[in-house]
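Engineer: Following this message is one structure expressed as structure tokens.
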Amino acid sequence: MLRPTSKRWLLLAAAILLLAGGSALTWRCRVPTTLLLVRHADRAANEDALTPAGLARASELARVAAKLAPAAIYHSNTQRARDTAGPLARALGLSPLERPAADVDGLLAEILEQRRGQRVLVVGHSNTVPQLIRAAGGPSLPDLEHDEFDDLFVLSVCSCWPRRAEVTHLQYGAASP
């Protein structure tokens, strides 16, 4: 049982922590991890290969994202995701990391553990991009439309508890229909 003086001491210590800029649980939030999230570039119907417009979009992604200098590039285990990530990987001299598309939680955990405080590009899919945003603490977004390929989400993630994320929604390359 705590004595009244012990309770006062705990309250004082908690107040000092809050005035000093947060609790011990939030110290990691000072340096966010930035995820650049895109869906793979344009493809025709259910084909796994990129269309000529998709190849052009992948080149445009390389031009835009190279200026952000991601430390790592992740993509799913599909040809369209590999081909979208390829031009940027070559431009930066990086070896892309392939992960299963369905393992959103595992991918996010890996990035937040191994890439904390860095910028990372993730090439996903119409359903996995919104899932990653939600899992990282961002808003719940609907799946991307089947013909929507021009979205670029910049997600700034604080690994504190509860996890928080700020999302900036941009677009790149030719406008999707």
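The values are calculated or read from the model by the stated rules, or taken from the named source; none is laboratory data. Just so it is clear, the model here is predicted, and its values are computed rather than measured. Virtual Cβ from ideal backbone geometry, glycine too; neighbours counted across all protein chains shown.
Engineer: Run down L55, L25, L61 and say which single residue is of a type in the set (A, V, I, L, M, F, W, C), assigned to a helix (DSSP H, G or I) and at pLDDT below 90. I'd like the intermediate steps shown before the answer.
Structural biologist: Details: L55 fails: at pLDDT below 90; L61 fails: at pLDDT below 90.
Result: L25 is the single residue among L55, L25, L61 that is of a type in the set (A, V, I, L, M, F, W, C), assigned to a helix (DSSP H, G or I) and at pLDDT below 90.
Engineer: Output the qualifying pairs, or none if there are none: Cβ atoms under 7 angstrom, residues six or more apart or on different chains, first residue in segment 87-100 and within 17 Å of G124 (Cβ to Cβ), second residue hydrophobic (A, V, I, L, M, F, W, C) and part of a strand (DSSP E or B).
Structural biologist: Partner pairs satisfying both residue conditions: L88/I73; L88/L121; A89/I73; P96/I73; L97/A72; L97/I73.
Engineer: May I ask you to list the residues in segment 142-175 that are part of a loop (DSSP other than H, G, I, E, B), buried (at least 19 other Cβ atoms within 10 Å of the Cβ) and hydrophobic (A, V, I, L, M, F, W, C)?
Structural biologist: L144, F149, listed by residue number.
Engineer: Additional query: Quickly run through segment 120-135 and pick out the residues that are surrounded by fewer than 17 Cβ atoms within 10 Å (Cβ to Cβ) and either within 11 Å of the chain's Cα centre (by Cα) or under 14 Å from V167 (Cβ atoms) (or both).
Structural biologist: In the first step, residues of segment 120-135 are kept if they are surrounded by fewer than 17 Cβ atoms within 10 Å (Cβ to Cβ); the result is 127, 134.
The answer is R134, and nothing else.
Engineer: Another one. Suppose we filter segment 100-114 for residues that are in a helix (DSSP H, G or I) and either at positive phi or of a type in the set (A, V, I, L, M) (or both); how many remain?
Structural biologist: Taking segment 100-114 first, the residues in a helix (DSSP H, G or I) are 104-114.
Add one more test, that the residue is either at positive phi or of a type in the set (A, V, I, L, M) (or both), and what stays is 104, 107-109, 111-112.
Qualifying residue count for the region: 6.
Engineer: Restrict the check to segment 31-42 and report whether at least one residue is in a loop (DSSP other than H, G, I, E, B), at pLDDT below 95 and surrounded by 13 or more Cβ atoms within 10 Å (Cβ to Cβ).
Structural biologist: Filtering segment 31-42 down to residues in a loop (DSSP other than H, G, I, E, B) leaves 31-32, 40-42.
This time we only want the ones that are at pLDDT below 95, so: 31-32.
Right, trim to surrounded by 13 or more Cβ atoms within 10 Å (Cβ to Cβ) and you get 32.
Yes, segment 31-42 contains at least one residue that is in a loop (DSSP other than H, G, I, E, B), at pLDDT below 95 and surrounded by 13 or more Cβ atoms within 10 Å (Cβ to Cβ).
Engineer: Something else now. If we keep just the residues of segment 67-77 that are touching a residue at least 40 places away in the same chain (Cβ under 8 Å) and in a loop (DSSP other than H, G, I, E, B), which is nearest to G124 (Cα to Cα)? I'd like the intermediate steps shown before the answer.
Structural biologist: If we filter segment 67-77 for residues that are touching a residue at least 40 places away in the same chain (Cβ under 8 Å), which is where we start, we get 68-76.
Now drop any that are not in a loop (DSSP other than H, G, I, E, B), which leaves 68-71, 76.
Working: L68: 18, A69: 19, P70: 16, A71: 17, S76: 6 Å.
Looking at residues that are touching a residue at least 40 places away in the same chain (Cβ under 8 Å) and in a loop (DSSP other than H, G, I, E, B), I get S76.
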